[in-house]
1. Test of understanding: among 102, 88, 73, 13, which residue is assigned to a helix (DSSP H, G or I), among the polar types (S, T, N, Q), modelled with pLDDT under 95 and out of contact with any Ser or Thr (no Cβ under 7 Å at 6 or more places or on another chain)?
2. Taking interchain pairs and intrachain pairs at least six residues apart, which have beta carbon atoms under 7 angstrom, with the first residue in the stretch 30-56 and under 12 Å from residue 154 (Cα atoms) and the second exposed (fewer than 14 other Cβ atoms within 10 Å of the Cβ)?
3. If you go through the stretch 146-205, how many residues are hydroxyl-bearing (Ser, Thr, Tyr) and farther than 30 Å from residue 135 by Cβ?
4. Of these, 197, 182, which one is part of a helix (DSSP H, G or I) and surrounded by 17 or more Cβ atoms within 10 Å (Cβ to Cβ)?
5. Out of the residues in the stretch 121-144 that are in a loop (DSSP other than H, G, I, E, B) and farther than 17 Å from residue 213 by Cα, state the one that is nearest to ligand 1 (Cβ to nearest atom).
6. Working carefully through the options 190, 168, 177, find the one that is free of Cβ contacts under 8 Å to residues at least 24 places away in the same chain, in a loop (DSSP other than H, G, I, E, B), closer than 23 Å to residue 29 by Cβ and of a type in the set (A, V, I, L, M, F, W, C).
Amino acid sequence: MKFKKFLSIPIISVFSLMGFAYYITIFIFIQDWLGLESSSGFRNALIFSFFAFLSLFSFFVCVIRDPGHVPSSYVPDVEYSPSTDQDSTKSVSHSRRCDKCSSYKPPRAHHCRVCRRCVLRMDHHCLWINNCVGYRNYKGFLTLVLYTTVASIHSMVIVVSSGLQKDFTGRPPLKIFYISCGALMVALSFTLGTLLGWHIYLLAHNLTTIEYYEGKRAAWLARKSGQGYRHPYNVGDYKNITLVCLSLSLSLSHTYTHTNGS
Ligand SMILES: [Zn+2]
Ligand SMILES: [Zn+2]
């Protein structure tokens, strides 16, 4: 039952934080600063609600959608050689089968210890969505980070603007509440913005988080032996972005043909 996944403390915490941020932004800060009856107040509430809805929808997609398991019919192509790159050739020849779950392991698949199975194009296991981020839900994860960043920056601007025009004379508890909410939204915007920047970097280099750290080690080993290292799936910024954004929804075999044929 997929909905059982929602019964986890991190997911309940995310829902609570989303609900709290939505409530205070609309019914306290927009109401206090512009008034929900005014056209600018209504417009702000509508735009914020739009991004909040998209964030919630992407969150559901990330939690419910299977990140991509290895199909039982998958058999590695013995004729296939990904490239002349030493590291990728080595990694394929040594990892045809996962030694933990015994399934065939296509290129870029990794075994997740939490999910106890191999995940295609695994990026990382995310506690906050109680799921792996992989081949089938990576786009959902990217849109989740994008929409929540936009929504939290919008909320931060509203909270700060509302606080700046407020007269707190003789009302210290109210001042503390405003400062706390402002600090929360600044911290949230900064954290989500950093995460968004990180995934744009990975996207532009056609890397997953796991591959980034593996690549750092491979580059260090290559340097030690006087050789160069290049990520085998990096086909240039524009192609990388279109490949990840457009190809992730295609079939497994088609994606691998694209990736390795480039
Ligand atoms: Zn495995
Ligand atoms: Zn996992």
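1. So the residue among 102, 88, 73, 13 that is assigned to a helix (DSSP H, G or I), among the polar types (S, T, N, Q), modelled with pLDDT under 95 and out of contact with any Ser or Thr (no Cβ under 7 Å at 6 or more places or on another chain) is 88.
2. 30/36; 45/36
3. Number of matching residues: 6.
4. 182
5. 135
6. Answer to the selection: 168.
The values are calculated or read from the model by the stated rules, or taken from the named source; none is laboratory data. Because the structure is predicted, anything quoted here is derived from the model rather than measured. As a convention, Cβ positions derive from the backbone with ideal geometry for all residues, glycine included, and neighbour counts pool all protein chains shown.
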